[in-house]
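Asks: There's a structure below that I have some questions on.
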Amino acid sequence: MPLQTPLLPLAQVLQQRRDRLAQLYPGPVLLWSGQPTPRNFPANTYPFRANSHFLYFAGVPLAKAAIHLEGGRATLLMDNTSPEAALWHGATPSRDTIAAAIGAIAAYPYSSVDDYLDGAATLPNQARSAGAPAAAVANFLEALVALRLYHDDYALEQIKAAAAVSVAAHRAGMAATPGATTEAQVRAAMEGVIMAQGMTCAYNSIVTVHGEVLHNEQYHHGLAPGDLLLADVGAEAPSGWASDITRTWPVSGRFTPAQRDVYAVVLAAHDACIEAAQPGVEYRDLHLLACRTLATGLVDLGLLKGHAEDLVARDVHALFFPHGVGHLLGLDVHDMEDLGDLAGYAPGRQRSDRFGLKFLRLDRPLAANMVVTIEPGFYQVPAILGPARQSGQYDDAVNWGRLADFQSVRGIRIEDDVQITPTGSTVLTAALPTRPEAVEDLVHSP
Ligand code: GLY
Ligand code: MN
Ligand code: MN
């Protein structure tokens, strides 16, 4: 599936971003790409991924490069490939060729960064002593967040391209399940699709029958007919733009009644949030909507006791849904979380330390051209439920005995990528079904 042609040539897209930055923070700014980290000898490196803030303004995943921005003008700082490097890695475009392609006005060797450092705002983790004072850096970061929160058309096209490949990967994972005996085999089927499209994974894949381990990165378990398989796998386009999808499906191709019941509760929360997502809506309120919807469903199933509002106020829902309903998506899967909560939390807001809110990564009003994930879940995490039951604190709110009926439901998450539009929202990953019958069909007959 070819990448869609961006609406503007790359250099113009990048220039628009640099001009918009200059309106908010004229500069100077110096951003580094980073460089590969050797494993044991210099030529054997860990996979390299250029820094996302660099990518946002430089557009191409260069290594050992920096970009200097001032008043909308870009200067590229990087070395030409040496003849020796070309012997091993092949010829690469020259510094001047790359500079022209990305619209930089000048290009100099990498060693010139020292000449450009004076007074330049840098990222906190790239800070150098001669850089801008702290107050200026704070202003720069505020401007950076203001730009990167709202995606331009090029970025949206790239996210859609990545999302389309993720959808294909999930379909392949479902189709591969009947013939697979381990999580690793399903993972291979999914990542194979991503690799074959010339993309990479935007994060370490989660493909597990132990979905209760939220970021499970082990793939050795066997697949048993009664298991649910939770797959959280997302492609990243060569340009760096990410996608992030989770589906949960029955290994046998048929949900058991208990699995179907809980799946329906998670899906109700997912659908309610997507239905409500539009400009002006507080993302925190979507999270609370998911919490209430889950609590209502779990009361209906006899797992919780009481009124949803009260249960959520006491964070009882968080025993089974201990994370936030999603996050920003962009050049990174948790976009801009390298800046702490600067992007995720509106100015003046801070994370709650409440059990049911402390993992909420986004607390801002939604606005057009933000892309967020919606990913409610239900998990039976022994490390949470064991002590909670032991404490007796929730005996009036949790029907502990009823949990035995849902033993086979260790973890369910349903995650889609949602673009906020001027009048509502668009699910960028809608081509991948969420209805349980449709998911079953994909496992049975791709
Ligand atoms: N893939 C990580 C997440 O969903 O947040
Ligand atoms: Mn996510
Ligand atoms: Mn995910």
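The values are calculated or read from the model by the stated rules, or taken from the named source; none is laboratory data. Keep in mind it's a predicted model, so treat the numbers as computed, not measured. Methodologically, a virtual Cβ is constructed for each residue, glycine included, from the backbone with ideal geometry; neighbour enumeration extends over all protein chains shown. Just the protein is used for accessible areas: all its heavy atoms, side chains included, with ligands, DNA and RNA removed. Shrake-Rupley method; radii C 1.70, N 1.55, O 1.52, S 1.80 Å.
Asks: Percent of Cα-Cα pairs more than 19 Å apart in the stretch 154-215, please.
Replies: Above the 19 Å cut-off, the stretch 154-215 has 34 percent of its Cα pairs.
Asks: On the accessible surface of the stretch 87-170, probed at 1.4 Å, how many percent belong to carbon and sulfur atoms?
Replies: On the stretch 87-170, the fraction of accessible area on carbon and sulfur atoms equals 56 percent.
Asks: Hey, what does the equivalent ellipsoid look like for the stretch 216-310, semi-axes from the Cα gyration tensor as sqrt of 5 times each eigenvalue, largest first, whole Å?
Replies: 26, 24, 10
Asks: Around D227, which amide H atoms from residues at least 5 apart in sequence, or from another chain, sit under 5 Å from its own amide H, with H modelled in the peptide plane?
Replies: V251, S252
Asks: Further question on the same structure: How high is the FRET efficiency from R389 to D300, r the C-beta distance, R0 22 Å, rounded to 0.05?
Replies: The formula returns an efficiency of 0.55 here.
Asks: Mind giving me the nanometre distance, one decimal, between the label points for R351 and Q126, set 7 Å out from Cα along Cα→Cβ?
Replies: According to this spin-label approximation, the distance is 2.5 nm.
Asks: Among F140, F41, what's the order by accessible area (1.4 angstrom probe), most exposed first?
Replies: Per-residue accessible area, sorted high to low, gives F41, F140.
Asks: Right, here's the next one. With +1 on each Lys and Arg Cβ and -1 on each Asp and Glu Cβ, how big is the dipole of the stretch 127-252 about its Cα centre, in debye rounded to the nearest 20?
Replies: 120
Asks: I need two numbers for the stretch 213-259: Rg to one decimal and Dmax as a whole number, Cα atoms only, in Å.
Replies: Taking only Cα atoms of the stretch 213-259, I get Rg and Dmax of 13.8, 43 Å.
Asks: To the nearest 20 debye, what is the magnitude of the charge dipole of the chain about its Cα centre, counting +1 on the Cβ of each Lys and Arg and -1 on the Cβ of each Asp and Glu?
Replies: Around 220 debye, computed over the chain.
Asks: Carbon and sulfur atoms: what percent of the 1.4 Å accessible area of the stretch 278-436 do they account for?
Replies: The value for the stretch 278-436 is 50 percent carbon and sulfur by accessible area.
Asks: Which distance in nm do the two modelled labels at Q16 and D341 give, with both placed 7 Å along the Cα-to-Cβ direction?
Replies: Output for this residue pair reads 3.3 nm.
Asks: Give the relative contact order (percent, whole number) for the stretch 140-204; include only Cα pairs under 8 Å separated by 6+ residues.
Replies: Worked out over the stretch 140-204, it gives 28 percent.
Asks: Over all directions, the average projected area of the alpha-carbon convex hull for the stretch 6-82 comes to how many nm²?
Replies: Here the figure is 6.0 nm², rounded to one decimal.
Asks: Still on this structure: Per Stokes-Einstein, at 20 °C and 1.002 mPa s, what whole-number D in µm² s⁻¹ belongs to the stretch 106-234, with the Kirkwood radius over Cα pairs as the hydrodynamic radius?
Replies: 117
Asks: How high is the relative contact order of the chain, in percent, counting Cα pairs under 8 Å that sit 6 or more residues apart?
Replies: Relative CO of the chain lands at 15 percent.
Asks: Taking only the Cα atoms of the stretch 67-166, how large is their convex hull per residue, in Å³?
Replies: 165
Asks: Assuming a ≥ b ≥ c are the square roots of the Cα gyration tensor eigenvalues, decide whether the stretch 1-134 counts as rounded (a/c under 1.5), prolate (otherwise, with a/b larger than b/c) or oblate.
Replies: oblate
Asks: Between I245 and residues 5 or more places away or on another chain, which pairs have amide H atoms under 5 Å apart, with H built 1.01 Å from N, and which residues are they?
Replies: Amide H neighbours of I245, under 5 Å, 5+ apart: V233, G234.
Asks: Would you mind checking the radius of gyration and Dmax of the stretch 372-446 based on alpha-carbon positions, in Å?
Replies: In order Rg, Dmax, the Cα atoms of the stretch 372-446 give 17.6, 49 Å.
Asks: Another one. Hey, could you pull the Cα Rg and Dmax for the stretch 110-150, both in Å?
Replies: 11.3, 34
Asks: Would you calculate, for the chain, the mean residue ellipticity at 222 nm contributed by helices, counting each DSSP H stretch of 4 or more residues as -39,500 (n - 2.57) and dividing by all residues, to the nearest 500?
Replies: Calculated at 222 nm, the ellipticity per residue is -11000 deg cm²/dmol.
Asks: Now for a different question. In terms of the ratio Rg/(2.2 N^0.38 Å) built on C-alpha atoms, what value belongs to the stretch 286-430?
Replies: This ratio for the stretch 286-430 stands at 1.13.
Asks: P(r) for the stretch 258-341: what percent of alpha-carbon pairs falls in each 5 Å bin, starting at zero?
Replies: 3, 14, 22, 22, 17, 11, 7, 3, 0
Asks: Separate question: Where does the Debye-calculated log10 I(q)/I(0) of the chain sit at q = 0.06, 0.07, 0.08 Å⁻¹, using only Cα point scatterers of equal weight, no solvent?
Replies: Those come out to -0.29, -0.39, -0.50, one per q.
Asks: With the contact rule set at Cα under 8 Å and sequence spacing of 6 or more, what percent relative contact order holds for the stretch 273-375?
Replies: Once divided by the residue count of the stretch 273-375, the mean separation gives 36 percent.
Asks: How high is the FRET efficiency between A135 and Y219 when r is their beta carbon distance and R₀ equals 45 Å, given to the nearest 0.05?
Replies: The formula returns an efficiency of 0.45 here.
Asks: Right, here's the next one. Only four residue types carry charge here, +1 at the Cβ of Lys and Arg and -1 at the Cβ of Asp and Glu. Report the dipole size of the stretch 181-242 about the Cα centre in Debye, rounded to the nearest 20.
Replies: That gives a dipole near 140 debye.
Asks: Now, a different point. Search the structure for amide H atoms under 5 Å from the amide H of L304, placed 1.01 Å from N in the peptide plane, and list their residues when 5 or more places away or on another chain.
Replies: V299, N399
Asks: How would you order 186-199, 12-25 from highest to lowest mean count of nearby Cβ atoms within 10 Å?
Replies: 186-199, 12-25
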